[in-house]
Amino acid sequence: MAANYNAEPILKVENLKQHFKVNRNFTVKAVDGVSFEIYPGEIYGLVGESGSGKSTIGRSIIRLYEPTDGKITFKGMDITGKMSRETKETLRTKMMMIFQDPMASLNPRKTIGDIIGEGLDIHHMYPNKIEKQVMINRILQKVGLSADHCNRYPHQFSGGQRQRVGIARALIMNPDLVIADECISALDVSIQAQVVNLLKDIQEETGSSYLFIAHDLSMVKYISDRIGVLHLGHMLETGTTEEIFARPVHPYTKSLISAIPLPNPELERKRVAVSYDYAKSGLDYNVGSNHLVEGTHYVFGTDEQVAEWLK
Ligand SMILES: Nc1ncnc2c1ncn2[C@@H]1O[C@H](COP(=O)(O)OP(=O)(O)O)[C@@H](O)[C@H]1O
Ligand SMILES: [Mg+2]
């Protein structure tokens, strides 16, 4: 299902800050004033190098952390501070996370059937045992596994199959928002495309929204409607996939795009990777504002910097 930009966003993140106090003298500002929104049926790709704050954003949104500052709205409900029982229930059933490492996130002592059915159990989402098994079998089939995998254990599966279990566990809840945090990075390259295609197909069928987190821009390009570029806890540029790739404006975005190998060997030979070093860039991410480039495309910087980049 295509994204519906006329509807209210399903998720709104406003000036999110997530700081970790490491010791008396030092606080890590993992996320430092990030804003974006995700619309119904939209796949929003969040991209940035390792340590840029991607996972922290995902974990703050699903409330594994208490945000330091800012506001997160999910389905019109403020999920930032103390939540009502109803809001908590909505959050726990309608927002699901797919983790990077399927082995670490699947309980080795539980069968696949138990793992996938756990959310249904906790939230009493089936009328009887038979109906529950029907739901499990249906989702297993949807992710390319079969009903007789139910009694097996995680170690009996390949990495790709385990990630399919992780996907099934999230999707059986019929979530409105799925947070997929580098959910293919741990898989063999040959399997990555299969799993991304699976997610894409299921998204088209269900119309759920996705926050697709990755450090690899090429996968994000393939799957996302819009992209947000994150660096050192700051959102530097956002726009549709076309806007970002046709006309990257921020030097960091340019360097990320220039790092993608090109399939055409002729062009690949001529590709120049542009390096980027924040310390030497003369930029200060704490100074500036979002500037409209065109359409839904925004870039962060001071007036002078942005004017220079747009020349
Ligand atoms: N619980 C924590 N305590 C202290 N620092 C953290 C914690 N979680 C993440 N960080 C730091 O915050 C920054 C962002 O981390 P993370 O969100 O995992 O980045 P990414 O997912 O983009 O690789 C990193 O510098 C990381 O070391
Ligand atoms: Mg991460």
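The values are calculated or read from the model by the stated rules, or taken from the named source; none is laboratory data. In this text, all values refer to a predicted model and were calculated from it rather than measured experimentally. Counting neighbours? That spans all protein chains shown, and the Cβs are built from the backbone with ideal geometry, glycine included.
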- [ ] Go through segment 96-121 and count every residue that is of a type outside the set (Gly, Ala, Ser), at pLDDT below 95 and part of a helix (DSSP H, G or I).
- [x] 2
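A quick yes/no check of all residues on (1) of a type outside the set (Val, Ile, Thr); (2) within 12 Å of ligand 1 (Cβ to nearest atom):
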{"residue": "GLU49", "(1), (2)": "yes, yes"}
{"residue": "SER55", "(1), (2)": "yes, yes"}
{"residue": "LYS75", "(1), (2)": "yes, no"}
{"residue": "ILE79", "(1), (2)": "no, no"}
{"residue": "GLU86", "(1), (2)": "yes, no"}
Task: Total residues in segment 57-91, condition within 16 Å of ligand 2 (Cβ to nearest atom), of a type in the set (A, V, I, L, M) and touching a residue at least 24 places away in the same chain (Cβ under 8 Å) - done: 3
Open item on the list: I'd like the full set of residues that are more than 22 Å from LEU11 (Cα to Cα) and either among the small types (Gly, Ala, Ser) or within 16 Å of ligand 2 (Cβ to nearest atom) (or both), limited to segment 196-218.
Closed with: ASP216, LEU217, SER218
Open item on the list: Looking only at segment 176-218, count every residue that is surrounded by fewer than 20 Cβ atoms within 10 Å (Cβ to Cβ) and within 16 Å of ligand 1 (Cβ to nearest atom) and tell me the total.
Closed with: 4
Open item on the list: Looking only at segment 262-311, how many residues end up being under 26 Å from the mean Cα position of the chain (by Cα) and over 22 Å from LEU230 (Cβ atoms)?
Closed with: 2
Task: Some residue of segment 1-18 being within 30 Å of CYS150 (Cβ to Cβ), away from ligand 1 (no atom under 16 Å from the Cβ), of a type in the set (A, V, I, L, M) and touching a Phe, Trp or Tyr at 6+ places or on another chain (Cβ under 9 Å) - done: no
Open item on the list: When the residues of segment 94-116 are narrowed to those that are buried (at least 16 other Cβ atoms within 10 Å of the Cβ) and among the polar types (S, T, N, Q), which ends up nearest to ligand 2 (Cβ to nearest atom)?
Closed with: GLN100
Open item on the list: Please go through segment 4-18 and give me each residue that is surrounded by fewer than 20 Cβ atoms within 10 Å (Cβ to Cβ) and in contact with a Gly (Cβ under 6 Å, 6 or more places away or on another chain), ordered by number.
Closed with: ASN4, GLU14, ASN15, LYS17
Task: Failed condition for GLY81, given (1) touching a helix residue (DSSP H, G or I) at 6+ places or on another chain (Cβ under 8 Å); (2) at pLDDT below 95; (3) closer than 30 Å to GLU8 by Cα - done: (1)
TODO: Within segment 20-56, track down each residue that is more than 22 Å from LYS200 (Cβ to Cβ), aliphatic (A, V, I, L, M) and in contact (Cβ under 8 Å) with a residue 12 or more places away in the chain.
DONE: ALA30, VAL31, VAL34
